[in-house]
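Note sheet for the following structure.
Each value in this text was obtained by applying a stated rule to the coordinates, not by laboratory testing. All values reported here derive from a predicted model rather than from experimental measurement. No Cβ is skipped: glycine too gets one built from the backbone with ideal geometry, and neighbour counts run over all protein chains shown.
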Amino acid sequence: MKFKRQSGILLHPTSLPGPYGIGDLGPAAYRWIDFMARSGCGLWQVLPLGPTGYGDSPYQCFSAFAGNPNLISPEKLIEKGLLHPFDLVDRPLFLDDRVDFGALIPWKGALLDRAYERSKNLAPGSFQQEIEVFKSDQAYWLDDFALFMALKEAHGGAAWTTWETGLLQREPGALLEARQVLQDKIERQVFRQFLFFQQWSQLREYAHQKGVQIVGDIPIFVAHDCVDVWAHPELFNLKPDGSPVVVAGVPPDYYSPTGQLWGNPIYRWKVHAADGYAWWMKRFKAVLSQVDIIRLDHFRGFAGYWEVRAGMPTAEKGRWVRGPGKNFFKAIAANLGSLPLIAEDLGEITPDVFALRDAFELPGMKVLHFAFDAGPESQFLPHNYPQNCVVYTGTHDNDTSLAWYKTRSKAEREYCLRYLGTKGPGREVVWQLIRAAWASVAVFALAPMQDFLTLDTRARMNFPGRPGGNWSWRVTEAGLTADLAESILVLNETFGRKSDGKVVEPRQASK
C-alpha cells in the first residue's frame, strides 16, 4: 500500500499523563490527540495493546487479540455510572512520571471489579445489549481468553503448563466444568474487554476526526504463557507437557553481547500453511479493527528466524531457520488485500530479508542512532534513503537520543556533528536529528516523545535483554506545551509533512 508523506510521534498509551498511575484512555488521551493535531503530526505510533504478563512487556501478552484492562479510564466509567467519584479516593500516591506496576495492578483490578459488580445493578437496556453483541462478535477469541484468565486467577497466576492435566490438555469435560464453576470470573473478564474496546474505539474515532492515524504493532511471536498457545497448541512447536521445544530470540547484536533470549515458542509453520494461515488472518483483521497501519515487529523472522533450544541460558547458541517467506504474504494479500504494513527490518539482516520486503513493496525502517559509525555509505544516513521507508531517531528499544549521543565514541560524535551541521550541545543535536529525519525523503518520519522533550536515559522505555524495570516512563501534562506543539508544527510545515486533517476511514480487512 502506498503511503503519503507524513510524520508522527511514538508514545505508548501507558505513557500518557493522568492521575491514576498509568496512562489510560480517558481525558488525557483526548488532550494528547489535540496536541498531535496542533503539532501537525498525522501519525500516533503505539506498541502492542494487549494485556501484559511477565515483566509488564507489551511484547509478552496473555493474548494476541485482547486489550489491556489497565488502560481503561476510571473517569469514563464514572460517566457511565459504573463508578462514583468516591471510588477513586483510595488510590495510592502514584508518581506522575512513572508507572509503578506493583501498586497499580491490584488497585486497578479492584476498581474494575467494583465497576463490574455495579454493572449488575444497572437497569436492563442498551449497555447489556452492547455487551451481548460484543460477546457474539468476538467469540472466536473472547471465549477462550475469558476462560484462560479466569483459570489463571483460580490458579494464583500460575502458567497454564502447571494446571491439572484435564485443563492443560483442554479435555471437553474439564473445560465445561471450569466454565460452570468460574462463570462469574469469566463474565468479569468479558466485561473488562468490552470496556477496553469501547473506550479505544471512541478514542480512535476522535483521532480520525483530528486527522490522526494510529500506527500499531504486531509482534511476530506470542508469549508462551498466553491463551493462543494454550488454546491452539498444534500451531506451536511444543512438547506433550506444553513446554516449548525451541524458543525465539536473536543472536548477539547492537543491543546485547549475548543476544536476546525472548523465550517465545516457535510456530509450526507447515501447520499454519496447511489451513491457509487462518489464525494469522484473524490476527491481522483484529489488529486492523484497532489501528490504521501495522508495524510488523521482527519482520526478518518471516524470512528466517533464530531458534534456541529451550533451557539455554542465553541466545548465543542457536540456529537460523527458514521462515514462511513469500507464501505467507501471498496468502495475506489473497485473503485480505493490500494491507498498510511497515516492515521492522532491523537487526542481523541478510539479503533474503530485503528481497522479501521489496517483493511486496513494504517500507523498511531506518534508525538514525545506527547512522554515524560506518561512514557515508551507511544505509541509515538520510542521503542514502529510498522514499519507501520509515525513519526514526530511535525506537522504544533504544536509549533516548540525548543519552545515545553522550555515550558515543569521540569519532562518532564528531561525524554526527559534521553531518548534522551543528556544534552541539547534546540537546541541540537531538533536535538536529529530528530535523534530519523530517527533512529526509522517507515517506514517514517519527520520533519518540522523549526525544522531543530532549530527555536523558532515565526516560528510556526498554532495555532489551533486561527482564524487569522497563515500560514505566510517562510524559507529564507539563511536557505537552503549546510551544512544543508549535516547534513540531514548524518542522512539519517546513518539510511538507503537515497532516491535512483528513483520515479516510480504513477499509476493514474482511475480504
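Considering Cα pairs under 8 angstrom that are at least six residues apart, work out the relative contact order of the stretch 1-100 and quote it in whole percent. Please list the in-between numbers first.
Numbers: 123 pairs, mean separation 30.0, N = 100.
Over the stretch 1-100, the number comes to 30 percent.
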### Task
Grab every C-alpha pair in the stretch 79-199, bin the distances at 5 angstrom width from 0 up to the longest one, and report whole percents.
2, 9, 17, 20, 18, 16, 11, 6, 2, 0
## Note on the structure
A chain fully extended from K239 to T457 at 0.36 nm per residue, minus the present Cα-Cα distance, gains in nm 74.4 nm
## Note on the structure
Bounding extents of the stretch 164-306 in its principal axis frame from Cα atoms, largest first in Å, are 52, 47, 32
#### Entry: Computed over the chain: relative contact order in percent, which uses C-alpha pairs under 8 Å that are six or more apart
22
## Note on the structure
the stretch 243-386: relative contact order from alpha carbon pairs under 8 Å, six or more residues apart, as a whole percent, is 23
## Note on the structure
Taking alpha-carbon centroids only, the stretch 83-162 lies from the stretch 1-60 a number of Å equal to 21
### Query
Using the Karplus equation 6.51 cos²θ - 1.76 cosθ + 1.60 (θ = phi - 60°), what ³J(HN,Hα) coupling, rounded to whole Hz, does each residue of the stretch 458-469 give in order, writing x for Gly and Pro?
5, 9, 5, 7, 8, 10, x, x, 8, x, x, x
### Residues with amide H under 5 Å from that of F495, placed H, sequence gap 5 or more
none
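Given 20 °C and 1.002 mPa s, compute D for the stretch 1-85 with the Stokes-Einstein relation, Rh being the Kirkwood radius over Cα pairs; round to the nearest whole µm²/s.
On the way: Rh = 14.4 Å.
The calculation lands on 148 µm²/s.
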### Peptides 111-121, 302-312 ordered by average Cβ neighbours within 10 Å, highest first
302-312, 111-121
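Taking the number of other C-beta atoms within 10 Å as the exposure measure, put H232, H369 in order starting with the fewest. Please report the intermediate quantities before stating the final value.
Working: H232 15, H369 21.
Ordered by Cβ neighbours within 10 Å, fewest first: H232, H369.
Report the full-extension gain for the segment D184 to K135: residue separation times 0.36 nm, less the Cα-Cα distance, to one decimal in nm. The partial results should precede the final answer.
Details: separation 49, 0.36 × 49 = 17.64 nm, distance 1.48 nm.
Between D184 and K135, full extension yields 16.2 nm more.
State the extension gain, in nm to one decimal, for the chain segment bounded by L88 and D373, taking 0.36 nm per residue of separation less the distance between their alpha-carbons. Numbers along the way, then the final one.
Numbers: separation 285, 0.36 × 285 = 102.60 nm, distance 5.10 nm.
Full extension of this stretch gives 97.5 nm more.
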## Note on the structure
In nm², the average projected area of the convex hull spanned by the Cα atoms of the chain is 23.3
